[in-house]
Amino acid sequence: MRLLFLLSLSILLFNCKNEKQKNNIPNTTPTQQKAEKKVEKQQKDTLEFPILDDKNAMEFFLQYEKEHKENKVRITTDFGSFDVLLFNETKFHRANFIYLTKRRYFIDTQFYRVIDNFMVQAGSSDDRKIGRKRKAIGRYLLPVDGKRGFKHDRGVISMPSSDIENPHKLASPYEFFIVQQKGGAHYLNGDYTVFGKVIKGMDVIDKIAAVDTDEADWPLSNIYIRNVEIIN
């Protein structure tokens, strides 16, 4: 009987000790949990969205274009929407545009240079938040790819050269222009990269091109890109 009592007592003490140890395990607070999740997200974003520069951008897009084959986007503006087909032949420029679309860069950028019967140019803004978006993505340029047989016909989307000292006309990846000129602007061929064309909604481009502008060709009333989305 005494042996049975001692055995029961030992089991009780063992269970109490385990329960005490279990209660001593530190629990993270909601604030700590939130901080840990933020760190995990930052680490994931660093791997998935590295800050790009002239040293790593081309290698990044070489891999990115293999894994992201989308080639149609819908651009919604204050004047309506138009659809663009991106050419697979200009793979770095297609991949760049898809990447920026998925990063939601273009939202709230503007048509900042408009010349009727020539072209409309977009993808920039004087808003500081656009500058912060660019900083988060990176500073890099893309090479001209003008030997694919594409010409600056009416309706094509092309990439302007950077405004920095740029004798090789390296392309500014954040901006684009669409040729609105009837008959095209073929004197641009070879100097800039045609990487897509408008397949629906060219009337929207004509409306944008017809607005009044200042001496710097900036529309007197700002014209915003409200959304860019990938479509089938």
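The values are calculated or read from the model by the stated rules, or taken from the named source; none is laboratory data. All figures in this text were calculated on a predicted structure; none of them were measured in a lab. Cβ sites come from the backbone with ideal geometry, for glycine too, and all protein chains shown count toward neighbours. Only protein heavy atoms, including side chains, enter the accessible area calculation; ligands, DNA and RNA are left aside. Shrake-Rupley method; radii C 1.70, N 1.55, O 1.52, S 1.80 Å.
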Of the residues in the range 50-62 that are of a type in the set (D, E, K, R) and touching a residue at least 60 places away in the same chain (Cβ under 8 Å), the one that is least open to solvent (accessible area, probe 1.4 Å) is D53
Looking across the range 63-94 at residues that are of a type in the set (D, E) and part of a helix (DSSP H, G or I), the single one that is least open to solvent (accessible area, probe 1.4 Å) is E65
If we ask which residues in the range 172-188 are of a type in the set (G, A, S) and either surrounded by fewer than 18 Cβ atoms within 10 Å (Cβ to Cβ) or touching a helix residue (DSSP H, G or I) at 6+ places or on another chain (Cβ under 9 Å) (or both), their number turns out to be 2
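Scanning the range 95-138 for residues that are small (G, A, S) and farther than 23 Å from D214 by Cβ, which turns out surrounded by the fewest Cβ atoms within 10 Å (Cβ to Cβ)?
Here the residue is A136.
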